[in-house]
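Below: the structure, in structure tokens.
The values are calculated or read from the model by the stated rules, or taken from the named source; none is laboratory data. Just so you know, these numbers come straight off a predicted model, no measurement behind them. All Cβ positions, even for glycine, are placed from backbone atoms using ideal geometry, and neighbour counts span all protein chains on display. Surface areas here come from the heavy atoms of the whole protein model, side chains and all, with no ligands, DNA or RNA. Shrake-Rupley method; radii C 1.70, N 1.55, O 1.52, S 1.80 Å.
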Amino acid sequence: MAEFQEMAAEVPPSLKAITLTHVRYRRGDRLGLFLAWVSLVPVFISLGGFVSHFLFRRELQGICFAAGLLASQLLNELIKHSVAQSRPAYCELLEACDSHGWPSSHSQYTFFFATYLSLLTLRRSPSRRMVAALAWPLAFLTMLSRVYLGYHTVAQVFAGAVVGLVFGAIWYWIVNTMLVEYFPMIEESAIARWLYIKDTSHIPDVLKFEYDNARAARRKKNDHSEHN
């Protein structure tokens, strides 16, 4: 502990890290390197997943999914500031002691994501259980990474997982029993038509629907070219 404090004293106190993307691990620790990358899963989901989804798909269900993740993170900040539980002592080396630790925002994010994705996938296409299961190993690895790397205690990551799971289920229920009734109205609004935002919640298997329609459109185009 004394060694950690001595090393931490060398870090300029005026510097502050963005905790979502600033991840440290022990030099030479290959498992730590792997888990550091795993710890960035929320960033990959947000930037690679939802940004690209909006650019290329623009489905209301996906937009509500992203809004739920944002609401979950706001809830996390509210709980953290209310409880004000410190991170582990090792946080001085990680430059993370100026933020609270309970519950873990990374755990909450990934468990919200896994819960909502599983419920949505199983409702639309029960045969795709494998797709629904893919998010859970990442969620548990993210939870493990935050403890292994020293950013959280076991209790803090489990708290984040529980909050994320429960809030993910609640948000799914709100979207698919209440908000879904307004999807057709939103889809017909001027801004939705301008941005090409669509509702596919009434289509059981969106992937198959788009595949079949893409093939049908190509055949129609080929037939038209042959007749000309």
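Tabulated values for the structure
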quantity: Measure of compaction for the range 30-198 (Cα Rg per 2.2 N^0.38 Å); calculated: 1.12
quantity: Surface share of carbon and sulfur [accessible, 1.4 angstrom probe, percent] for the range 30-198; calculated: 75
quantity: Calculated SAXS-style log₁₀ I(q)/I(0) at q = 0.11, 0.12, 0.22 Å⁻¹ - the range 98-228, Debye, Cα scatterers; calculated: -0.60, -0.67, -1.18
quantity: Where the range 30-198 is the region considered: accessible area per residue in Å², 1.4 Å probe; calculated: 51
quantity: Other-chain or far-sequence residues with amide H under 5 Å of Thr200's (modelled H); calculated: Leu60, Gln61
quantity: Sites matching GluC sites (Glu not before Pro) across the range 120-228 that sit in DSSP coil, with at most 10 neighbouring C-beta atoms within 10 Å; calculated: Glu188
